[in-house]
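Encoded as structure tokens, the structure appears first; notes follow it.
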Amino acid sequence: YQYLSRYKRKENLDQFTFHPVNIKGAEKECLACLMEFCGRRDPSWTELSNFTHFLNFQIRKCEQSVFCSSVVGREFHGF
């Protein structure tokens, strides 16, 4: 949700890294955002769960990748 909400507001995600102590937003806002980006008109809880697990997996891999580090990001904006 933290990435999706910033993406929706067109914020730069290159320098953002999720930290569990800095959670922002209410549960209702989170659910609405997830439903918007899920890609289904009326997703089931299973579809939302699969979507969030997949998204979290991809984001973790991205945050751990040397290609998405702040050092590379300075040289290749948006990479």
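The values are calculated or read from the model by the stated rules, or taken from the named source; none is laboratory data. Being a predicted model, the structure only gives us computed values, none of them experimental. Glycine also receives a Cβ, built like all others from the backbone with ideal geometry; neighbour counts cover every protein chain displayed. SASA here: full protein model, heavy atoms, side chains in, ligands and nucleic acids out. Shrake-Rupley method; radii C 1.70, N 1.55, O 1.52, S 1.80 Å.
Brief remarks follow.
- Among the candidates ASP42, ASP14, the residue that is in a loop (DSSP other than H, G, I, E, B) and over 26 Å from CYS68 (Cα atoms) is uniquely ASP42.
- As for segment 38-54, it holds no residue that is open to solvent by less than 60 Å² (accessible area, probe 1.4 Å) and touching a residue at least 24 places away in the same chain (Cβ under 8 Å).
- Some residue of segment 49-60 being modelled with pLDDT of 85 or more, in contact with an Asp or Glu (Cβ under 8 Å, 6 or more places away or on another chain) and in a helix (DSSP H, G or I): no
- In segment 61-79, residue modelled with the highest pLDDT [restricted to those that are among the polar types (S, T, N, Q) and either in a helix (DSSP H, G or I) or open to solvent by 100 Å² or more (accessible area, probe 1.4 Å) (or both)]: GLN64
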